[in-house]
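Have a look at the structure below before the remarks.
Values quoted throughout were computed directly from the atomic coordinates according to the rules given, and no laboratory measurement underlies them. Here the structure is a predicted model, which is why all the values come from computation and not from measurement. Glycine gets a Cβ as well: all are built from the backbone with ideal geometry, and neighbour counts include every protein chain shown.
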């Protein structure tokens, strides 16, 4: 099964199912802020709230099994996640 959850949810799943593989999708802070602002889908207050949450989540990324760099674009990140999934499906 594949779940898209926040960091706390992922760590809760890992606690219940230690065999679960956690993948953290990461992007450099400056790039993340740029993307959020360019979307024009959130108010400045909502962006600040998301940035605060993301800072907290980034501090926990070392508890994940894999960290995928999303700064090179979605296609590259998807390919890396697919490789991780395929590795575990084959085993």
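Worth a mention:
- C-alpha long axis of helix 7-16 to longest principal axis of the chain, angle in °: 20
- Helix 44-58 vs. the chain, principal-axis angle (Cα, 0 to 90°, nearest 10): 30
- Placing R0 at 22 angstrom, the Cβ-Cβ distance between residue 82 and residue 33 gives a FRET efficiency of 0.20 after rounding to 0.05.
- Tilt relative to the chain, helix 74-90 - C-alpha long axis, 0 to 90 degrees, to 10: 20
- Computed on the chain, with alpha-carbon pairs under 8 angstrom and 6+ residues apart, the relative contact order is 37 percent.
- Rounded if a/c under 1.5, otherwise prolate or oblate - the range 7-90, Cα gyration tensor axes: oblate
- Gyration tensor (alpha-carbon) shape descriptor, the range 19-61, a/c threshold 1.5: prolate
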